[in-house]
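Single-structure report; data block below.
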Amino acid sequence: MFVFTRYTAFIVLYPVGLFTGEMWLMYEAVPFIKKKNLYADFFSAFPFTYYTFVRVLLVLYPFLWLKLYLHLFKQRRSKLRKHDKKKMK
């Protein structure tokens, strides 16, 4: 039962954490980043600012995250198959 719960709970928890946690905090930080001009010295070597970087990251993040999410489904399938085979023996 523990193995099934461990490899199934992420289906709901991972997207909730992403959208209500990570992305929301980044979205809320964007005005602060612009106001304080954060990391201006570091990003002076690049043709974009940290503010622009975070805004682009907010747009691309769900697409990049999807690859990780789908990988978790592959791991889940693999682990639950192994667990079922052990249970049958």
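The values are calculated or read from the model by the stated rules, or taken from the named source; none is laboratory data. Being a predicted model, the structure only gives us computed values, none of them experimental. Keep in mind that these areas ignore ligands, DNA and RNA; they rest on the heavy atoms of the full protein, side chains included. Shrake-Rupley method; radii C 1.70, N 1.55, O 1.52, S 1.80 Å.
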Inset, instruction - Give me the accessible area per residue for the stretch 1-85, probe 1.4 Å, as a whole number in Å². - result: 81
Inset, instruction - Compute the relative contact order of the chain as a whole-number percentage, counting only Cα pairs closer than 8 Å that sit 6 or more residues apart in sequence. - result: 38
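Nearest 500 deg cm²/dmol is fine: what mean residue ellipticity at 222 nm does the chain get from its DSSP H runs of n ≥ 4 alone, each adding -39,500 (n - 2.57), divided by its residue count?
-25500 deg cm²/dmol
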Inset, instruction - Multiply the residue gap between Arg6 and Leu64 by 0.36 nm, knock off their C-alpha separation, and tell me the result in nm, one decimal place. - result: 18.6 nm
Legend entry - Degrees between helix 50-88 axis and first principal axis of the chain (Cα, 0 to 90, nearest 10): 10
